[in-house]
Each structure stands twice: as structure tokens, then as C-alpha cells.
Amino acid sequence: MQLIIEQHSLSRHPEKEEENCRTPLHFCNNSHPQFKAKSSLSTMASFSTVPSSSTPSINKVQKDVGFSAFSSQTSFFIQISEKRVSRKIVSLMAPQQSERRPPSTGSVKTAMTMTEKIFARACEKPQVSPGENVWVNVDVLMTHDVSGPGAIGIFKREFGKNAKIWDREKVVIIPDHYIFTADERANRNVDTLRDFCTEQSIKYFYDIKDLGNFRVNPDYKGVCHIALAQEGHCRPGEVLLGTDSHTCTAGAFGQFATGIGNTDAGFVLGTGKLLLKVPPTLRFVIDGEMPDYLLAKDLILQIIGEISVSGATYKSMEFVGTTVESLTMEERMTLCNMVIEAGGKNGIVPADSTTDKYLEGKTYVPYAPVYSDTQARFLSEYRFDISKLEPLVAKPHSPDNCALARECKDVKIDRVYIGSCTGGKTEDFFAAAKVFLASGKKVKVPTFLVPATQKVWMDVYSLPVPGSGGKTCSQIFEEAGCDTPASPTCGACMGGPKDTYARLNEPQASFILFFSNPNTN
């Protein structure tokens, strides 16, 4: 049978572009020509609908990527096999959204997703499509002590020993992985970063020299993904690349952020550009009031449990809905942080007033948020009713091996680790402190605490926990018998040298509970 879906045209207001544009001048200025979309060639379009999952909390709409619009007609022609048609009627288009500020890509006629708009801006094209390879201009490149020396070596080999990087203010170097250790090779990595930053006059190098007391190092921050946000390097509409798989954390700010390898990083250091393929987008609509017993970690584990650890391979994961809008920036960071555990290329949350408020006083670089068009095409759309979700646990040995927390109540654990870029933020420690406070009991197993950054460490010791009668997290942890909060770093999440805090050097435990990234432990 043949299904005809009417195509709604998009209206644009080019004359308002300058008024709404907050991008740097090299992306949007008075002399920049207005972009105009080219007519699409007529090709066959093919969609397929898939029955909704049996899980009560999710409704799914799935569409094939291969399609294009008939530019001379006002309809999409879709060939659907009767055998594959779900009996349940589902919408193929994204729901209507409130009016958003326009993107900075000019008078675009073809609807695009957030990620596609960011790519279009970064490659200076009026529009891009999933699967297209484009050269993007990079806004920020981040590297750390594990990958930095390798990227630096490649840069010098390919561009010359005396070559200069493309922009000393767009490179951010953050030692954070193997820091508080006596291992000479790990210490040498930090020395390599320091020498390179001095040589290149890199503005944003968060150095540490005294390993005995991190507090005497004012420049040292801690875990790179949290430090990037706290220091104002994450901005809506930009492209942020980093030599770490969890760079996708920054997508919480409405930007494209993803991890790259040392070779790519070396190339970016010399050119400020990188060839990337535009990913298709999966959309996750999460609605409802967030209950006190759930965290963003539960949401992303639910999603990964639904789609599997390969369900978003080289795809953008866009998170929207009333629940997402109610999340704090730290919780949004948790949501985007773990898209890599689903194979995702990037995670992204639309910027809003919560984003703007977080960035106040952190950055003075102008930025221009982008938002998915109401007619943007998504590879699949998943809907979750937050009222039907429960706290989850990722069991060994995969993030998609999820179980309800209440189903694991009788499982004996041997160690607890609270930290990392996923679970080491201020709000994560507040959540843990509230659990200890409510139980009124002491821990029965070693419980390790590793704040992500210096700021988080200070918060643990200075901010009162709501409902605690003025007690701080550190006081509650001490009363519960936890270890003293350690120096801010990635800690045991990456393993590291043998003297890394909380590292398990011998097979002593049968089950360890991590408030961290389950795939890295």
C-alpha cells in the first residue's frame, strides 16, 4: 500500500538573523551571504514502522535513513510493506515545540536536527545531511595527561618540531588521570604537557606541580569533563573535541562534543579542522515530574538497557521533554556522559535558561544556541514516562545488563566507589550523603570517595546537605565510616598505576558497587 504524508514548509526570517546571532564574527557578520537551500533531487523514499516495545515505560518510532524530499511536490511518497506495519498508529514527525531562537546557518529551507545545524555552522554550509562527510571548524580541543603526549608527538612529526598550533586560546589541556602517583612515566606525561604549553603559550593549561597537596596548586582542577564545564569551555552551538571517550559529557550544553583519537587530535592542533561524518539522530523524549528517588543515571541506564550498548553506534542522541528540561546542568551532564556506553557519537540537550544561568560569569565568548526544527527527521524516536521508571543497577559486565535496584537488594558487595566524571559531581555526593543520612547506619564495606574537581572537593567540605540540620557531606560520610574524600582526579576509574587511590590490585572482591562509569571499571 502507499502512504502519503503532507510536507509542511518551514518559514525563515533572514532579516532577524543578525539580531539573534551571538556567534563569533567569522561565522556570522553583516557581509555573510544568506544561505539558500538547493532543490533536492527526486529519489525514492522508504520508511518502516516498528511495533512499540513491550516495556510499559517506552514508545518507539523507528524510521529508515534512506529518504529525500521531492522538491517540486508537497508530499512525501513512502512505500511500506503491509507485513511490517504496526497496528498502533504513531507519529512520524517530531511534536510541536515552543518557538526557539533561530540558528546561525542562514535561510535554510530543509529542516535539520540540532547536531546537523551545528555541523552546518561549523563547515560553513547552509545544510548538511546524515552520512555526509564535512570539514568542520573546531571551537575547542581538549586533551589530558594520558592522550596529550601522543597527540603532541603526532603534531610535531607531521607539522614540524617548530610548528605552532592553530589557536593557543582554543586548546585546553587538563592533567587529571594519573596524577597522584609516584610512577615516573605517569609524572613524565604531565611534564610533557607542561613543556608543550610553555612552548606554545597555551592559555588554558590547568597545571599541577605539588603532588603532595593539590590545594596548593590553584591552577589544578581535576577530571577534565567536569572542569571543562566549570571553567566555561562548554558553550551552546559549538564543536568541542577531546581525546577521551566521555567528552560527550559537554553535549549537556547544547553543543556537539565527542571523543577523538591522538592522530585526529594532532591534526586539529595544526589546522583547527577535522573531517567528520554527520551522524543521524535518535531522539529520546522523557516526560513527567522527576521523583526524588531517581537520578539522571537511572534515566540513561534505562535508555541503554532498551537500545543496548551498540544501539546508538555513530548516532547522535538528542534528549528532550519536560523531565529533561527540569534537570540541573550536572544531571544533564550525567545523561550525555554515558551516551558512549550506547555507542553514541554524541549526546545533546537543548540549551535553555538553565544553561544560560550556569554559564553566567564562566564565559564571555558569545554563543548561539540551535534547536531541532519541528520537521527535522530522526532515525528513531523513543518516549519514556518518568512515572513508570525505577532506580536501576548496571550489573557486570556491561552497562546494558540492567536490573531494578530492588531486585539486587540481597546481592553482597565488597567495595563502594563514588567518583569519576559520571558520579563525582557535587550533586552526586549530595545524593549519596542523603542515603547515608536516612539510613543512620555505618558502612560495612570500604567506601571510597573521589570528588571530580577542586570545586567539588570544596563543596563536599563546605556546603550543608538539605535536611541534614546543617551537616556537610564530609561530616555525614565521616559519621557513616567512609574513607576521607581523596584528591580530585579520575582515580581508580581508569585503573592507573598500582599506587592509584582505591585501585584494586589483586582479585579480592566478588562484587563492587561503582557510582561511576560501569564500562571502565
Self-check item: In sequence order, calculated HN-Hα J values of segment 359-372 (Karplus, 6.51, -1.76, 1.60; Hz; x Gly/Pro)
Solution: 7, 4, x, 9, 9, 10, 7, x, 9, 10, x, 10, 9, 5
Quiz item: Which FRET efficiency value, to the nearest 0.05, do you get for R168 and E390 by plugging their Cβ-Cβ distance into 1/(1 + (r/R0)^6) with R0 = 51 Å?
Solution: 0.55
Self-check item: Protection-proxy order for peptides 184-192, 226-234, each taking the mean of Cβ atoms within 10 Å per residue, highest first
Solution: 226-234, 184-192
Quiz prompt | Most to least packed among 218-224, 465-471, 370-376 [average Cβ atoms within 10 Å] | solution = 218-224, 370-376, 465-471
Self-check item: For segment 476-482, 3J(HN,Hα) per residue [Karplus equation, 6.51 cos²θ - 1.76 cosθ + 1.60, θ = phi - 60°, Hz, x = Gly/Pro]
Solution: 5, 5, 5, 5, 7, x, 6
Self-check item: Nonlocal amide H pairs with Y382, under 5 Å, H built at 1.01 Å
Solution: V61, R283, F284, V285
Quiz item: Cα-based Rg of segment 152-277 per 2.2 N^0.38 Å, rounded to two decimals?
Solution: 1.06
Quiz item: Per residue, how much accessible area does segment 248-366 have with a 1.4 Å probe, in Å²?
Solution: 31 Å²
Quiz item: Which distance in nm do the two modelled labels at R194 and D352 give, with both placed 7 Å along the Cα-to-Cβ direction?
Solution: 4.5 nm
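Mind ranking 479-491, 331-343 by how tightly packed they are, going by the mean number of other C-beta atoms within 10 angstrom, highest first?
Numbers: 479-491: 21.2, 331-343: 25.8.
Put in order of decreasing packing, that is 331-343, 479-491.
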Quiz prompt | Value of Rg to Rh for segment 220-304 (Rh from inverse mean 1/r over Cα pairs, i.e. Kirkwood) | solution = 1.02
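Of the GluC sites (Glu not before Pro) in segment 342-409, which ones lie in a loop per DSSP and count no more than 13 other C-beta atoms within 10 Å?
Values: sites: E360, E381, E407; in loops: E360.
Sites meeting the loop and neighbour criteria: E360.
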Quiz prompt | Hz values of 3J(HN,Hα) by residue in segment 391-397 - Karplus curve (6.51, -1.76, 1.60), Gly and Pro given as x | solution = x, 10, 10, 8, 7, x, 10
Quiz prompt | Separation in nanometres of the label points that stand 7 Å from Cα toward Cβ, at T328 and R406 | solution = 2.7 nm
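Semi-axes of the equivalent ellipsoid for segment 355-418, please: Cα gyration tensor eigenvalues, times 5, square-rooted, ordered largest first, whole Å.
On the way: eigenvalues 269, 99, 29 Å².
Over the Cα atoms of segment 355-418, the ellipsoid semi-axes are 37, 22, 12 Å.
The values are calculated or read from the model by the stated rules, or taken from the named source; none is laboratory data. Worth saying up front: this structure is predicted, and the values here are computed from it rather than measured. FYI the Cβ positions are ideal-geometry reconstructions off the backbone, even for glycines, and counts take in every protein chain you see. Surface accessibility is based on the protein's heavy atoms, side chains included, excluding ligands, DNA and RNA. Shrake-Rupley method; radii C 1.70, N 1.55, O 1.52, S 1.80 Å.
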